[in-house]
Amino acid sequence: MTTNDRDIRFKYEILKELTLVEGAARREWPGKWGFLLTFNEILLEEASKRGISKQEYLHRSQFRKPKGFSEPPIWPARVQRPFPETTTGMIGWRSCADCLLEKFGPLYRSPKYTLPFEQGYSKIFLG
């Protein structure tokens, strides 16, 4: 990390803002989503009201995958050629289109903190 990166973060107070947002989210989470912590107990209460025992409810609510079912991989594995070796015996870099690191598009640019492009001057007005 260069000192220029640090200067930008201090200048725009990015870390301070992230800390404040995370703190607010931490304080608000129990009020908004705290019921999810006791959701299983709520479901067991509803099951007991309907006359279903705890063991029967747990047996019915478990998800079972069908036999022979498997999800396809997200990225299919392909057979790759071996890594190229350089003249010094070090492993080289594959530069084909399939081996690009930019699989997901360009880096995210924040609309608030991305610095605008400054055009250079093409004419100088004297006087």
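The values are calculated or read from the model by the stated rules, or taken from the named source; none is laboratory data. Fair warning: this is a prediction, and the values are worked out from it, not measured in the lab. We place every Cβ from the backbone using ideal geometry, glycine too, and count neighbours over all the protein chains shown.
Filter region 117-127 for residues that are under 30 Å from Leu18 (Cα atoms) and at pLDDT below 70 and give the result. Break it down into steps so the answer makes sense when it comes.
Our first condition is that a residue be under 30 Å from Leu18 (Cα atoms); within region 117-127, this holds for 117-118.
Answer for region 117-127, where residues must be under 30 Å from Leu18 (Cα atoms) and at pLDDT below 70: just Phe117.
Mind checking which residues of region 46-65 are among the charged types (D, E, K, R), modelled with pLDDT of 90 or more and exposed (fewer than 10 other Cβ atoms within 10 Å of the Cβ)? Can you show your working first?
Residues of region 46-65 that are among the charged types (D, E, K, R), as a first pass: 46, 49-50, 54, 56, 60, 64-65.
So of that shortlist, the ones also modelled with pLDDT of 90 or more come out as 46, 49-50, 54, 56.
Hits for region 46-65 are Lys49, Arg50.
Scan region 71-83 residue by residue and report those that are surrounded by 10 or more Cβ atoms within 10 Å (Cβ to Cβ) and over 28 Å from the mean Cα position of the chain (by Cα).
Phe83
Among the numbered conditions (1) of a type in the set (Gly, Ala, Ser); (2) surrounded by 10 or more Cβ atoms within 10 Å (Cβ to Cβ); (3) at pLDDT 70 or above; (4) over 26 Å from Lys112 (Cα atoms), tell me where Gly68 comes up short.
(2)
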